[in-house]
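Asks: Quick one: this structure, given as structure tokens, is what I'll be asking you about.
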Amino acid sequence: MARQLDIPLTGIAAALDALRPWTERAAERARTLGRPVLAAVRVPLDPADDLLAAALACPPGVPRWYLHQPAAGRTWLGLGAVAAVRPGPACALGGLADAWQAWRPLVETDVPEALHWVGGAAFDTGPRLDPWRGWPSAEMWLPRVMFTRDGDEAACTVAVQAVPGQSAAEVWAAAADGWQRWSGVPPERAEDPGARLSAASLARSDGDRRPGTAFEDARDRWMRLVAETASAIRAGRFDKVVLAREEVVPLGRPADIAAALRALGRRYPESGVFALWRGDQCFLGATPERLARVGTGSVEVDCLAGTAPRGRTPAEDARLADWLLHSGKNLHEHSVVREWLRARLAPLCTHLEIPAEPGLKRLANVQHLHTPLAGRLRAGQNILTVADALMPTPALAGSPQKEAMAYIRDREGFDRGWYGGAIGWAGMDGSGEFMVAIRCALVGSVSAHLYAGAGIMGDSDPAAEWEETVLKLRPMKQALGLEVGDDGGES
Ligand SMILES: C=C(O[C@H]1C=CC=C(C(=O)O)[C@@H]1O)C(=O)O
């Protein structure tokens, strides 16, 4: 049954009306310059609008990018793409910076600050293997419609591209037509309140812990790799390597992505809940780690490495926190990341502040050692150049970076794809934010691929590292209804 979006179309109609004079200017400039020119406007929206419903009502072919940061009161949703920058196969985010900035003078708008490009990048530059085939190593695009809700303020930015030879009326009609087609189509998947998977419907999961099962084999293999890696570190080959694992869970029925994202937002308010739809796949997660946030001349970066479980009682929780804050292995693991970030940021900054001791970042499932880094950026830097310089940090790759990445590719046995990469946005003025894509899953129509890793040091205990990945996988499992929560609920 066809369904209208839950976004009131009056907001969109107002945006399309406001767009008319800008499409005239853009069409005229495109004709004069002989190259495409963008037009964009922004109108206010009702903050009560359900942005997730809008994302899910879009047809599968429409690129969709979603970021929800509950603690900051922010929910952003980008639908469609009017312009995209996508590098060659072996290129990372930094390779997009010039092409992206080249659009800056080619926009007709009175709200240049409202043009937020969205996208992200993979952990490495490929080659992409299943289930990531078809995903680029990095891509940024300007959404056709961008909804932003920041606290009590909500707005909608509509953009369109005028190509040389198009009349203003044709450009405007393209914008209006695009929206009409999305707003009257059936949702990609019927939202069935009973669609959440019950733990019992799992064909294969972490829950099947009997000896001799695929789970046991996977655990033994991974723990052997951890032991080998720890011994390579002791032999001086690396300072640190972050090993990840992939858990593939067949889905008996389509996953309820909206329910998963809502559950993650409720349970992990300090995290960035993200989703990126491509074809019939959705890459989603709730990450506690900010790669970089760039404002006007400022940069903020999270150093997050070193992990302990949460306690079942306040006393146990405090004991675990105290243990973490004094654990030699975790402090060393953390300092490798902090010093690497210091070395990478120093040439980009005129001033850098880094606390001497880490604090704690506490989530519902785990607690981490955390050091916030803050700096003043040198001229000429922007969010893409900064994110590129920092990717991937030793919290995801290891140190030395190149050698650790080659080892990971060779030994892990799967393509990380965008796990360990970055998801974020970039304003045309160079500001923006990227989150590290962890605590996540790539959900397709028949299976979900879940990812989690742990920093391996010379004194790592393979069983403890395995348990750490079990804890890190839990948020996604519970959100997707693949594992029942401690409180008996799914989230
Ligand atoms: C690699 C992951 O976490 C990283 C981020 C924070 C703490 C980490 C750790 O303590 O090992 C990891 O470096 C993951 O969640 O998949």
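Asks: What pairs come out if I take residues in the range 429-442 that are over 22 Å from Glu247 (Cβ atoms) and pair them with residues that are aromatic (Phe, Trp, Tyr) and more than 11 Å from the ligand (Cβ to nearest atom) whose C-beta lies under 7 Å away, six or more apart or interchain?
Replies: The qualifying pairs are Gly432/Trp425; Glu433/Trp425.
Asks: Let me ask another. Residues to consider are Leu304, Leu324; find the one that is in the same structural domain as Ala374 (by TED's automatic domain parsing), within 11 Å of the ligand (Cβ to nearest atom), modelled with pLDDT of 95 or more and farther than 20 Å from Ser399 by Cα.
Replies: Leu324
Asks: Which condition does Arg29 not pass, out of (1) modelled with pLDDT of 95 or more; (2) under 27 Å from the mean Cα position of the chain (by Cα); (3) of a type outside the set (Val, Ile, Thr); (4) on the phi < 0 side of the Ramachandran plot, if it passes all the others?
Replies: The failed condition is (2).
Asks: If you don't mind, another one. When the residues of the range 336-346 are narrowed to those that are over 23 Å from the mean Cα position of the chain (by Cα) and under 16 Å from Ala397 (Cβ atoms), which ends up farthest from the ligand (Cβ to nearest atom)?
Replies: Ala343
Asks: I'm checking my understanding of the structure. Among residues of the range 268-289 that are at pLDDT 95 or above and surrounded by fewer than 21 Cβ atoms within 10 Å (Cβ to Cβ), which one is farthest from Asp429 (Cα to Cα)?
Replies: Top of the filtered list is Gln281.
Asks: Only one of (1) part of a loop (DSSP other than H, G, I, E, B); (2) farther than 22 Å from Glu300 by Cα; (3) of a type outside the set (S, T, N, Q) fails for Gly380. Which number is that?
Replies: (2)
Asks: What do you reckon, is Ala72 in the same structural domain as Ala155 (by TED's automatic domain parsing) and either buried (at least 20 other Cβ atoms within 10 Å of the Cβ) or modelled with pLDDT under 95 (or both)?
Replies: Criteria not met by Ala72.
Asks: Report whether or not Pro355 is without any contact (Cβ under 8 Å) to a residue 60 or more places away in the chain and either crowded, with 19+ Cβ neighbours inside 10 Å or more than 26 Å from Trp418 (Cα to Cα) (or both).
Replies: yes
Asks: Among the residues of the range 108-153, which ones are buried (at least 21 other Cβ atoms within 10 Å of the Cβ), outside any loop (DSSP other than H, G, I, E, B) and either hydrophobic (A, V, I, L, M, F, W, C) or in the same structural domain as Leu284 (by TED's automatic domain parsing) (or both)?
Replies: Trp117, Val118, Ala121, Ala138, Met140, Leu142, Val145, Met146, Phe147
Asks: Only one of Ala422, Ala395, Ala426 is modelled with pLDDT of 95 or more, closer than 21 Å to Val294 by Cβ and touching a Cys at 6+ places or on another chain (Cβ under 9 Å); which?
Replies: It is Ala395.
Asks: Return the pairs, sorted by first residue and then second, in which the second residue is within 14 Å of the ligand (Cβ to nearest atom) and of a type in the set (A, V, I, L, M, F, W, C), the first residue lies in the range 444-464 and is under 17 Å from Arg224 (Cα atoms) and part of a helix (DSSP H, G or I), the beta carbons are less than 7 Å apart, and the residues are 6+ apart or on different chains.
Replies: Close Cβ pairs (under 7 Å, with a partner that is within 14 Å of the ligand (Cβ to nearest atom) and of a type in the set (A, V, I, L, M, F, W, C)) amount to Pro462/Val226.
Asks: Just one of Asp429, Asp415, Asp410 is in a helix (DSSP H, G or I) and acidic (Asp, Glu); which is it?
Replies: Answer to the check: Asp410.
Asks: Filter the range 363-388 down to residues that are charged (D, E, K, R) and in contact (Cβ under 8 Å) with a residue 40 or more places away in the chain and give me whichever is surrounded by the most Cβ atoms within 10 Å (Cβ to Cβ).
Replies: That would be Asp388.
Asks: Okay, moving on. Of the residues that sit in the range 389-415 and are surrounded by fewer than 24 Cβ atoms within 10 Å (Cβ to Cβ), over 20 Å from Ile233 (Cα atoms) and within 14 Å of the ligand (Cβ to nearest atom), which one is farthest from the chain's Cα centre (by Cα)?
Replies: Among residues in the range 389-415 that are surrounded by fewer than 24 Cβ atoms within 10 Å (Cβ to Cβ), over 20 Å from Ile233 (Cα atoms) and within 14 Å of the ligand (Cβ to nearest atom), the one farthest from the chain's Cα centre (by Cα) is Phe414.
Asks: Another question, if that's okay. For the range 434-475, what are the residues that are under 18 Å from Pro288 (Cβ atoms), surrounded by fewer than 24 Cβ atoms within 10 Å (Cβ to Cβ), more than 10 Å from the ligand (Cβ to nearest atom) and under 20 Å from the mean Cα position of the chain (by Cα)?
Replies: Result: Arg474, single match.
The values are calculated or read from the model by the stated rules, or taken from the named source; none is laboratory data. Everything numeric in this text was worked out from a predicted model, so none of it was measured. Methodologically, a virtual Cβ is constructed for each residue, glycine included, from the backbone with ideal geometry; neighbour enumeration extends over all protein chains shown.
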